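Working notes, beginning with the structure itself.
The numbers here are math on the coordinates, done by the rules we state, and not lab data. Quick caveat: nothing in here was measured; it's all calculated off a predicted structure. Cβ sites come from the backbone with ideal geometry, for glycine too, and all protein chains shown count toward neighbours.
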Amino acid sequence: MLWLKALHLIAMVCWFAGLFYLPRLYVYHTMSDDSASDERFKIMERKLFFGIMTPSMIATFVFGIWLLIDGAWQIYSHAIWLHVKLALLLILLIYHYFCWQRE
Ligand code: HEM
């Protein structure tokens, strides 16, 4: 299922682009001092978070879980790398949540 893995990775890259860019937008937002910029940054941040990051995160999860179900679950269930990866994923979710809190 290489096409499925490709979709998983494309969604993950889109998600990460937002995870890196949103904090940068917050910095530019904080540095701005006029109300027009304030409004523009709010729109950009909202569209990035709700329009790109969150749908990409959901797609990463859907394709990742699909890969698990479709692949050899017997093998995956003993794969240490997968357990470590899913644990690290928790940290990523917390970071995603904090990005939303600032929004
Ligand atoms: C619910 C979340 C996720 C699940 C269940 C999941 C599951 C999987 C599975 C089953 C594979 C296929 C591994 C194989 O070819 O045997 C895979 C591949 C991959 N995943 Fe995820 N994944 C998730 C989230 C993520 C996230 C957040 C990232 C990035 C930080 C990521 C990065 C990758 C990469 C780079 C591969 C390709 C590995 C390779 O083929 O060498 N995944 N994932």
Residue-averaged 222 nm ellipticity for the chain, from DSSP H runs of 4+ at -39500 (n - 2.57), nearest 500: -28000 deg cm²/dmol
TYR76-ILE43 pseudo-label distance in nm [points 7 Å out on the Cα-to-Cβ vector]: 4.1 nm
Between 0 and 90°, nearest 10: helix 35-46 axis offset from the chain longest Cα axis: 10 degrees
Between region 16-48 and region 82-96, the Cα center-to-center distance that results, in Å: 25 Å
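Taking the radius of gyration and the Kirkwood hydrodynamic radius from Cα positions alone, what is the Rg/Rh ratio for region 1-52, to two decimal places?
Numbers: Rg = 14.7 Å, Rh = 12.3 Å.
My calculation of the ratio gives 1.19.
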Convex hull per residue volume in Å³, alpha carbons only, for region 2-102: 87 Å³
